[in-house]
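Okay, so here's the structure we're looking at.
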Amino acid sequence: MAILNPERSEIHQILKKAKRIAVVGLSDNPERTSYQISERMQQEGYTIIPVNPLADEVLGEKAVASLADIEGHVDIVDVFRRSEFLPEIAIEFDAIDADVFWAQSGVSNEEAYQFLKEKGHTVIMDRCIMVEYLLSGKG
């Protein structure tokens with residue numbers, strides 16, 4: 001099964017509606033891409049939830065060890081981990097009933113994609129959330 005992302009117009013609607021983004025693999029190092037993109041999304045008004053078992057706090061937000069540790073609803077789970085970790089993260093995602101599973105540029109996995117689509121989830125892979133935000137005319 002090929003990975004098919006939603007149409008760009010649907011992605012823009014997702015970003016317009018979303019408020020809370022859980023970022024799996026968010027580094028507390030300002031030099032890392034995950035930090036820079038999450039910081040920009042935070043500046044644009046999104047609530048960022050760092051998911052990193054090795055960090056206490058990132059971008060002024062308390063970090064959690066896993067998706068299961070998040071209280072309240074999550075609109076987007078944005079993943080900054082290598083592709084081989086996506087199946088495991090997809091299972092955690094399915095358990096918390098978040099709205100959208102998003103894997104950053106260069107990150108995709110057909111097994112995770114198929115699992116999530118069979119469960120009826122919206123899945124975006126190999127796309128940068130900040131680039132999509134900027135393309136939507138919001139940034």
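The values are calculated or read from the model by the stated rules, or taken from the named source; none is laboratory data. As the structure is a computational prediction, the values presented were derived from the model and not from experiment. All Cβ positions, glycine included, derive from the backbone under ideal geometry; neighbour counts span all protein chains shown. Side chains included, ligands, DNA and RNA excluded: accessible areas come from the protein's heavy atoms. Shrake-Rupley method; radii C 1.70, N 1.55, O 1.52, S 1.80 Å.
For the stretch 1-43, what is the accessible area per residue in Å² when the probe is 1.4 Å?
On a per-residue basis, 60 Å².
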Once amide H atoms are built 1.01 Å from N in the peptide plane, which residues 5 or more positions from Val74, or in another chain, come under 5 Å H to H? Asp99
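To the nearest 20 debye, what charge dipole does the chain have about its Cα centre, counting +1 at the Cβ of each Lys and Arg and -1 at the Cβ of each Asp and Glu? Please list the in-between numbers first.
Working: 14 positive and 24 negative charges, 101 e Å.
It comes to approximately 480 debye.
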Residue-averaged [θ]222 nm for the chain, counting only DSSP H segments that reach four residues, each worth -39500 (n - 2.57): -10000 deg cm²/dmol
With all protein chains present, the chain has a carbon and sulfur share of its accessible area (1.4 Å probe) in percent of 44 percent
Per-residue ³J(HN,Hα) for the stretch 60-65, Karplus 6.51 cos²θ - 1.76 cosθ + 1.60, θ = phi - 60°, Hz, x for Gly and Pro: x, 10, 5, 7, 10, 6
HN-Hα couplings for the stretch 94-107 via Karplus (6.51, -1.76, 1.60; θ = phi - 60°), in whole Hz with x for Gly/Pro, come out as 4, 6, 9, 6, 6, 7, 9, 9, 10, 9, 5, 3, x, 10
Explain nothing, just compute: Karplus ³J(HN,Hα) = 6.51 cos²θ - 1.76 cosθ + 1.60, θ = phi - 60°, for every residue of the stretch 72-78 in order, whole Hz, x for Gly and Pro. x, 6, 10, 7, 10, 9, 9
For the stretch 39-86, what is the largest minus smallest coordinate of the Cα atoms on each principal axis, given in angstrom and ordered from greatest to least? 30, 20, 20
